[in-house]
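Following: one structure in structure tokens, then a few remarks.
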Amino acid sequence: MKELNELILPDDVRFTEDHEWARREGETVRVGISDYAQDQLGDIVFVELPEAGSTFGKGDEFGTVESVKTVSELYMPVGGEVVTVNEELVDHPEYVNTDPYGKGWMIEVKPDDLSEMDALLDRDAYLRQLEG
Amino acid sequence: MPDLRIVNLEGTRRYISLLRAQHRLIAARREGTLSSDVALVLEHAPVFTLGRNATREHLKVSETFLTERGIQVVQAERGGDITYHGPGQVVAYLIFDLRAARMRIPDYISRLEEAMIRVARDFDVPAGRNPLNPGVWVGNRKLGSIGIAVRHGIAYHGLALNANLSLEPFTWIHPCGLTGISMTSLKEERGRDIKIEDVKSALSGHLKDLFEGRGIAVNPMSSLGEIAIRP
């Protein structure tokens, strides 16, 4: 497992306790999983994402990632409508491992209530949770 | 690592009731009303299960054929493809908090494989890993399988080790979506009968060693209280 000081934890995203990240991009929020999460999962072989247009509440399961013989659930950092999904992950699920905050993004959400972002963990709070 | 409570369930158990039990245990583990990890060691009544990326094309017979034999086909939440469970196969379901243990999933899977390899060794069967396909193998014959799901950082489902089950149902599927491999069992490899209770107890012992568990209980319904497993 990566040491905590080896983890990439950008300043421009917020985190959930379940290791998703959310980045505000104008009126929408882009969502993926953290460097810690991808390291913990191991090699990702499949990403199951919802259809664009689906709506979920904060904390709802929106998809799964499959690493070898393991299916792990993904949860919404904020509630809202999924406006775009990262279709590249169909052919390149490994992007989640190699570039979790960039090419490995998963969905883009139009939040019902942007203030839900404020309740998410900032980098320091997330790091404290990891230090547990 | 937190304690691992190992529960050896007697009799054959329905897949669906164990799935519900696992859901209750995960919820309790997450809420903190269950402070230890739990391993349930058991045998299933005959059932085919489809993992999340399974395709029914890997089932070579019709569902009617199976229904006539009293065998259900159920959708499972674990990873992996199609497989068969039935009497004579030892299943261990671990409700295991990966975060509390600070364990990566590949390491966790490796420990589950190690538990099966050690059981095989106890019965003088030389089993090992295959770099291309997870699980436990004797040559190109599959002895044990792994399938895991993770909910809020807590792993459930687990492993299945073939002790003395009928291997015929595996001929009705492409196990785990693989073709050109065969399934085997401890009995098949040893050429003599194997007592299922001996396999369950060997597996419980090795899980206890590998996950630093404190004890093994047999059918402790009352101690599981609210989350008791119903037959």
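So here's what we get for this one:
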item: Hey, B:ALA127 within 14 Å of another protein chain (Cβ to nearest Cβ) and aliphatic (A, V, I, L, M) or not; result: no
item: Residue match in segment B:97-112 (condition: in a strand (DSSP E or B) and closer than 25 Å to A:GLU73 by Cα); result: yes
item: Residue count, segment B:141-158 (criterion: within 16 Å of B:VAL199 (Cα to Cα) and at the interface with chain A (Cβ under 10 Å from one of its Cβ atoms)); result: 1
item: Segment A:1-22 - residue that is free of Cβ contacts under 8 Å to residues at least 60 places away in the same chain and crowded, with 18+ Cβ neighbours inside 10 Å and, of those, farthest from B:ASP107 (Cα to Cα); result: A:GLU20
item: Scope segment A:1-22; condition more than 13 Å from every other protein chain (Cβ to nearest Cβ), within 16 Å of A:VAL109 (Cβ to Cβ) and not charged (D, E, K, R); matching residues; result: A:VAL13, A:PHE15, A:TRP21, A:ALA22
item: Strands (runs of 3 or more DSSP E) enclosed by segment A:1-72 - at least 2 residues per element that are more than 28 Å from B:PRO131 (Cα to Cα); result: A:20-25, A:28-33, A:61-67
item: Condition check for B:GLY51: at positive phi and within 14 Å of another protein chain (Cβ to nearest Cβ); result: no
item: Top-ranked residue in segment A:23-69 [being of a type in the set (Lys, Arg) and in contact (Cβ under 8 Å) with a residue 24 or more places away in the chain; ranked as nearest to the other protein chains (Cβ to nearest Cβ)]; result: A:LYS58
item: Counted residues, segment B:129-159 - those being charged (D, E, K, R) and either in contact with a Cys (Cβ under 7 Å, 6 or more places away or on another chain) or not in a strand (DSSP E or B) (or both); result: 1
item: For B:GLU189: the one exception among (1) more than 26 Å from B:LEU4 (Cβ to Cβ); (2) crowded, with 21+ Cβ neighbours inside 10 Å; (3) at pLDDT 95 or above; result: (2)
item: Criterion violated by B:SER204 - all others in (1) closer than 24 Å to B:GLY79 by Cα; (2) outside any helix (DSSP H, G or I); (3) modelled with pLDDT of 90 or more satisfied; result: (2)
item: Filter result for the condition that a residue is closer than 13 Å to B:ILE95 by Cβ and in contact with a Lys or Arg (Cβ under 9 Å, 6 or more places away or on another chain), over B:VAL41, B:VAL7; result: B:VAL41
item: Residues located in segment B:18-54, provided they are buried (at least 19 other Cβ atoms within 10 Å of the Cβ), among the polar types (S, T, N, Q) and farther than 21 Å from B:LEU4 by Cβ; result: B:THR49
item: Residues located in segment A:73-111, provided they are part of a helix (DSSP H, G or I), within 18 Å of A:LEU9 (Cβ to Cβ) and not aliphatic (A, V, I, L, M); result: A:ASN97, A:THR98
item: Residues that are over 15 Å from the mean Cα position of the chain (by Cα) and on the phi < 0 side of the Ramachandran plot, drawn from segment B:151-176; result: B:ARG151, B:ILE154, B:SER166, B:LEU167, B:GLU168, B:PRO169, B:PHE170, B:THR171, B:TRP172, B:ILE173, B:HIS174
item: Selection within segment B:10-38 - under 11 Å from B:TYR93 (Cα atoms) and of a type in the set (Gly, Ala, Ser); result: B:ALA21
item: Elements of type strands (runs of 3 or more DSSP E) in segment B:1-93, at least 1 residues being closer than 18 Å to B:ALA160 by Cβ, at pLDDT below 90 and charged (D, E, K, R); result: B:4-13
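This table checks each residue for (1) in contact (Cβ under 8 Å) with a residue 60 or more places away in the chain; (2) more than 14 Å from every other protein chain (Cβ to nearest Cβ); (3) crowded, with 16+ Cβ neighbours inside 10 Å.
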site: B:VAL61; (1), (2), (3): yes, yes, no
site: B:THR64; (1), (2), (3): no, yes, no
site: B:ALA76; (1), (2), (3): yes, no, yes
site: B:GLN89; (1), (2), (3): yes, yes, yes
site: B:ILE95; (1), (2), (3): yes, yes, yes
site: B:PRO106; (1), (2), (3): no, no, yes
site: B:ILE109; (1), (2), (3): no, no, yes
site: B:ARG121; (1), (2), (3): no, yes, no
site: B:LEU132; (1), (2), (3): no, no, no
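The values are calculated or read from the model by the stated rules, or taken from the named source; none is laboratory data. Note that the structure is a prediction, hence the values are computed from the model and not measured. Every residue, glycine among them, receives a Cβ derived from its backbone with ideal geometry; neighbour counts consider all protein chains shown.
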